[in-house]
1. Full-extension gain between I141 and I49, please, as 0.36 nm times their residue separation minus the C-alpha to C-alpha distance.
2. Set the Förster distance to 22 Å, then compute FRET efficiency between D120 and K150 from the Cβ-Cβ distance, nearest 0.05.
3. With the contact rule set at Cα under 8 Å and sequence spacing of 6 or more, what percent relative contact order holds for region 66-157?
4. Rounded if a/c is under 1.5, else prolate if a/b is larger than b/c, else oblate: which is region 36-100, with a ≥ b ≥ c the root eigenvalues of its Cα gyration tensor?
5. Among rounded, prolate and oblate, which fits region 193-340 when a ≥ b ≥ c are the square roots of the eigenvalues of its C-alpha gyration tensor, a/c under 1.5 means rounded, and a/b larger than b/c means prolate?
6. Which FRET efficiency, nearest 0.05, do V273 and N204 yield, Cβ-Cβ r, R0 25 Å?
7. When the Cα centres of region 42-106 and region 239-289 are compared, how far apart do they sit, in Å?
8. Students often forget the sequence filter, so: which aspartates and glutamates lie under 14 Å Cα-Cα from K138 once same-chain residues fewer than 8 apart are removed?
Amino acid sequence: MGKKFFVSDCEGPISVNDNAFELAGHFIEDGEKFFKIVSHYDDVLADEIKRPGYNAGSTLKLILPFLKAYGATNQNMKEFSSDNVLLIPGARETLNLVNIIMPSYIVSTSYEPYIRALCDLTNFSFDQCYCTRLDLDKYTINDEDGKKLKEFTSSIVSKPEFDNLERIFWDELPRMDIGSIIDEVKTVGGEGKKEAVLDIMAKNSFQACDLMYVGDSITDVEPLNFAREEGGVAVSFNGNEFALDNSSIAVIADNTIITSIIADLFNRYNNNVVLEFVASFEKNPEKAVEDHPVDPHLALKLAETTTRLELVNEDNLDELKEDSCKFRKKVRGESIGGLG
């Protein structure tokens, strides 16, 4: 057994935000509705159609021409992101702990300005992050295309049918100069997140069985499934149905302290000890903490939170999906919590 390492998605397990959704709402007319439609379209392409070469999370590049048309720049995206980072309670402490006890990384579909802002807030090193790199200022857009994009925005909002989005994104946009941004920007989602995990492993000679991965959405399916299948720890933190389908452990909580406890147990012991603790916690949380080598300081903090912890199996999967989806909306809000 080699050195344990920790990898987490950002939005959901660490922060409340969906930065791209918020940027769309800030810059684009009817931007929140527009984003929800494009996000659902992204889910269909990635999960239902499984279009070859298409990764979950590509919403973040599909919306870029529209952000540009409505005046987004590197600077105002950075300023907006810096002003609006909102952490899940306990996240700063959890990142600090995992970073001390084992090599730790953030692998996120989020745009680079947001991840830099979160790193500044939490003192987590940006060098330990993988995210969607973006230089919006290097692209230009003429008045005619800008007008067309605003018309397309209205069309998507008023006519969100699949065929209409197919026409706009794959027939109309490629004819515009700004359309090149969709091919050139590489989002870190789905298979891209798994590739990031594999890159971390290759650079550090880590083994898959020593991975703890925390995710919550469709963009985490591949790395969660990878961790689970390879004998690591795959944690859904307030996850939706996509995350839960590919996780071994379900966390439904208002604080990340339980992530700290799982990470600490995994680092000091192994996957089996973590799974035994989770199974015990499901039956009797207080006794589970007493009977397992949980750090006393973390145990005291856990008692102050609302935390549900269960092993994911066929018998409880449907119930977990319903309860976790409800709770994620409570923690992150109805709009963000309902996104894939």
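The values are calculated or read from the model by the stated rules, or taken from the named source; none is laboratory data. All values derive from a computational prediction rather than experimental measurement. A quick note on method: Cβ atoms are made from the backbone with ideal geometry, for glycine too, and the neighbour counts reach across all protein chains shown. Areas reflect the complete protein model, heavy atoms only, side chains present, ligands, DNA and RNA absent. Shrake-Rupley method; radii C 1.70, N 1.55, O 1.52, S 1.80 Å.
1. Details: separation 92, 0.36 × 92 = 33.12 nm, distance 3.16 nm.
Full extension from I141 to I49 adds 30.0 nm.
2. Numbers: r = 33 Å, r/R0 = 1.51.
Efficiency at R0 = 22 Å is approximately 0.10.
3. Details: 71 pairs, mean separation 36.4, N = 92.
Relative contact order for region 66-157 comes out at 40 percent.
4. Oblate, since a/c reaches 1.5 and b/c is not below a/b.
5. Taking the square roots of the gyration eigenvalues as a ≥ b ≥ c, region 193-340 is oblate.
6. Working from the Cβ atoms, E equals 0.60.
7. Here the answer is 25 Å between Cα centres.
8. Here the aspartates and glutamates satisfying the reach criterion relative to K138 are D177, E184.
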